[in-house]
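Visitor: For reference, the structure I am asking about is given below.
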Amino acid sequence: MRTTRALAVSAAAVLAVGLAAPAASAWEDPTNLSVSPSVVPRGGEVTVSVDGTKCQSNSTASSDAFGTINLSQVPGGSQASGTATIKHDATVGAHDVSVSCQGAPLMRPAAFTVIHGGVRGGLGGSAQTGATPTDMAIGGALVASALIGGGVFWMRRRAEGKA
């Protein structure tokens, strides 16, 4: 009876280890594909990063916006990354990125967006410098109304002093 029980336990242990072995493989398929920045102008650069031990050598990333680049292992981890320059004639809009790590594919749809010019930010952005004609007209109208209002106020105060 003890022999039967020992054989059953041994068989269960061998079965559990045998089923878990593929999951504990040292070579992981690529996961967590990221692109930064997510919005980039034509001619700008993006960094493509991917996790997975298969991506440490013979890995590439490709997109219709930048072509194909080689990915390099990031020191001290199981991550690979590469920098790509967006083509000057890339279409404006969202673009997909595909990664191949030693034949293991991974694709991320709409990974980044290409825009026309520089990114506008802050109060007015960087696309235009100086005041526009509209800004000048508004500023002139404000100054003129301040002068007229100040003149009216001064004339009324002066008239009150004579009475």
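The values are calculated or read from the model by the stated rules, or taken from the named source; none is laboratory data. Everything numeric here is computed off the predicted structure, so don't read it as measured data. Here the Cβ positions follow ideal geometry from the backbone for every residue, glycine too, while neighbour counts run over all protein chains shown. Keep in mind that these areas ignore ligands, DNA and RNA; they rest on the heavy atoms of the full protein, side chains included. Shrake-Rupley method; radii C 1.70, N 1.55, O 1.52, S 1.80 Å.
Visitor: Looking for something charged (D, E, K, R) and modelled with pLDDT under 75 - is there at least one such residue anywhere in region 4-22? Walk me through it before giving the result.
Guide: Residues of region 4-22 that are charged (D, E, K, R), as a first pass: 5.
Right, trim to modelled with pLDDT under 75 and you get 5.
Within region 4-22, one or more residues are charged (D, E, K, R) and modelled with pLDDT under 75.
Visitor: Going through region 73-91 one residue at a time, which ones are open to solvent by 70 Å² or more (accessible area, probe 1.4 Å), touching a residue at least 40 places away in the same chain (Cβ under 8 Å) and in a loop (DSSP other than H, G, I, E, B)? So that I can check it myself, show each step before the final result.
Guide: We begin by selecting, within region 73-91, every residue open to solvent by 70 Å² or more (accessible area, probe 1.4 Å); these are 73, 75-76, 83, 85, 87-89, 91.
Subset that is touching a residue at least 40 places away in the same chain (Cβ under 8 Å): 85, 87-89.
Within region 73-91, Lys87, His88, Asp89 meet the criteria.
Visitor: When residues of region 59-71 are filtered for being assigned to a strand (DSSP E or B) and under 23 Å from Val39 (Cα atoms), how many remain?
Guide: 9
Visitor: Would you check if Ser38 is modelled with pLDDT of 50 or more, surrounded by fewer than 13 Cβ atoms within 10 Å (Cβ to Cβ) and of a type in the set (Gly, Ala, Ser)? Let's see the steps before the verdict.
Guide: Details: modelled with pLDDT of 50 or more: yes; surrounded by fewer than 13 Cβ atoms within 10 Å (Cβ to Cβ): yes; of a type in the set (Gly, Ala, Ser): yes.
For Ser38, the condition - modelled with pLDDT of 50 or more, surrounded by fewer than 13 Cβ atoms within 10 Å (Cβ to Cβ) and of a type in the set (Gly, Ala, Ser) - is met.
Visitor: Same structure, new question: Would it be correct to say that Arg108 is closer than 30 Å to Asp29 by Cα and either modelled with pLDDT under 90 or open to solvent by 70 Å² or more (accessible area, probe 1.4 Å) (or both)? Break it down into steps so the answer makes sense when it comes.
Guide: Values: closer than 30 Å to Asp29 by Cα: yes; either modelled with pLDDT under 90 or open to solvent by 70 Å² or more (accessible area, probe 1.4 Å) (or both): yes.
The answer is yes for Arg108.
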